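Here's the structure we're looking at; comments come further down.
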Amino acid sequence: MKGRIICYILFIQFFHIFPSEAQDKTSYFLGLNPQNNGLNPAYSYNRDLIIFNPSVSLSLANSSLTFHSMFNKGKGDKDTLLFWDFKNIEKKLSNANFMYADATVSLFFAGKVLRDNKYLSLQVSRKYNGCLTFPKSFINLRYGNADLTLNKPRTIDLNNYAINGSVYDEFSLGLSKTINRKFSAGVHFKILQGKLAVKTNRFLASIVTSDDFSKSVLHTNAMIQLSAPIMKPKPGTKKLKVDMTELRDQTSWLYYSFKNVGAAIDVGGIWNINDKIRLSASLNDIGLIHWGAKPQQLVSNGEYLFDGFYFSAQNFENFDAKNYFKTYTDTLQTVFFPKESEESFRTWLNARSYIGISYQYQKKVHLTGLVKTTLYRNYFLFETTFGAVYQPKERVAVTGTWSFSNYSLYNFGLGAAYTGKRYQLFAVTDNINAITILDVKGLNILVGVNWILFQEARNTNDIRNTFIR
């Protein structure tokens, strides 16, 4: 029997994953305003500011696979064709693997200098995050449901897959205070308005083939919780569809529901050890969102006759991915049943921590180091970064970084910012882990402009960032 497999899930997610701020490791010391205040609430400024800051931050990454690790070329007269490279895929996979994506859209920042060296800030932004986790055992599915050597059926393990993600608007109110010339501290209080969420509570499944190979049965025990958009069956079929009208309504900036609300907090501090060395530390996104607006469950619990997914090391010369995978996604839809529920649920934010150090090597050059951690629902991510910031002129800054990130040492970052009298242009990328695009594990970029609508300089003696002049 030909190999049967559902790794199309991985393939689809690798190229179409739903859009953690990866660029923060490179931009952390670049002096962006208000971006660095969002990373550490202790950063403040010696002037009142109102900034319209349309910017987009997008990060896509996976822990294990690249295009070259998934496919290889044929030999001889087939050297122009691509084939699945199962052995290399198995070598690259860890016991637990993930694909994650994060995006942030910032709109507005306002800051106000108060008495007693205090600084008040307000920021409005939207956050997207999504994560698919899968076990290494998925690659064993290439052997299909039969051991041809022993002529025995094989049980296919489909356990421990998960998809989690959310979209929400964030309203952040910050307060920082300069304690003395050496130390300042700050905090953000955040109100969160949830738009939509998906949370995998459990995913247990297996495919069992009878001893005489007469049939294969899919056993499932899975439940995925949703907060709109509502999944609905297509009329006259067992297939699912997304209510696009409700999706557009709930992702509108004007949509709000008191049933989808949350709260979070950031805390941070900055310590000037001397005139050349500065330490900074912060904890971000400590909080959760309660999802109670039209909660829904996708449930699959039972036994289903399994017709199989054809999958082999075929070449991709005439491969039609759209039609190929549509057949299989249609099959999967028939085993999940949506039902509206009164049971609300909660999702925790992906909490992050930063510990950074900056050393003024020369008047125009700062050397930097950063340790970052991120706590996702299914895994813990540890990253370290070393870099340098060069400011050849007062209004120009460029930076380069090298990081251990995504379980790889080959991660480089570049960033640049130009500050005019009333605006700032910036672009940052991070985790460039290969020269050729076919060898990268992810893609990310931060681009934007800060338009200063109003600013009023204040005379203060403190350690505040004054990059925008």
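The values are calculated or read from the model by the stated rules, or taken from the named source; none is laboratory data. Bear in mind the structure is a predicted one, so any value in this text is a computation, not a measurement. Here the Cβ is made from the backbone with ideal geometry for all residues, glycine too, and neighbour counts use every protein chain on show.
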Between residues in the stretch 186-207 that are among the aromatic types (Phe, Trp, Tyr) and residues that are at pLDDT below 95 and outside any strand (DSSP E or B), which pairs lie under 9 Å by C-beta distance while being six or more apart or on different chains?
203/158; 203/159; 203/160; 203/161
Please determine whether any residue of the stretch 114-124 is closer than 20 Å to residue 382 by Cα, of a type outside the set (Gly, Ala, Ser), in contact with a strand residue (DSSP E or B) (Cβ under 9 Å, 6 or more places away or on another chain) and buried (at least 23 other Cβ atoms within 10 Å of the Cβ).
no
How many residues, within the stretch 250-299, are surrounded by 16 or more Cβ atoms within 10 Å (Cβ to Cβ) and acidic (Asp, Glu)?
2
For the stretch 80-97, indicate whether the set of residues that are farther than 30 Å from residue 423 by Cα, part of a loop (DSSP other than H, G, I, E, B), modelled with pLDDT of 80 or more and of a type in the set (A, V, I, L, M, F, W, C) is non-empty.
yes
Breaking point among (1) in a loop (DSSP other than H, G, I, E, B); (2) at pLDDT 85 or above; (3) out of contact with any Gly (no Cβ under 9 Å at 6 or more places or on another chain), for residue 285
(1)
Kindly evaluate residue 169 against the criterion of being charged (D, E, K, R), more than 27 Å from the chain's Cα centre (by Cα) and more than 13 Å from residue 206 (Cα to Cα).
no
Considering each of 389, 371 in turn, give the residue that is aliphatic (A, V, I, L, M) and over 30 Å from residue 166 (Cβ atoms).
389
In the stretch 98-115, what residues are under 29 Å from residue 424 (Cα atoms) and either in a helix (DSSP H, G or I) or not small (Gly, Ala, Ser) (or both)?
102, 104, 105, 107, 108, 109, 112, 113, 114, 115
Single residue of the stretch 125-155 satisfying the filter (in a loop (DSSP other than H, G, I, E, B) and aliphatic (A, V, I, L, M)) that is surrounded by the most Cβ atoms within 10 Å (Cβ to Cβ):
148
Residue selected from the stretch 146-204 under the condition of a type in the set (Asp, Glu) and in contact with a Phe, Trp or Tyr (Cβ under 9 Å, 6 or more places away or on another chain), by the criterion farthest from residue 278 (Cα to Cα):
157
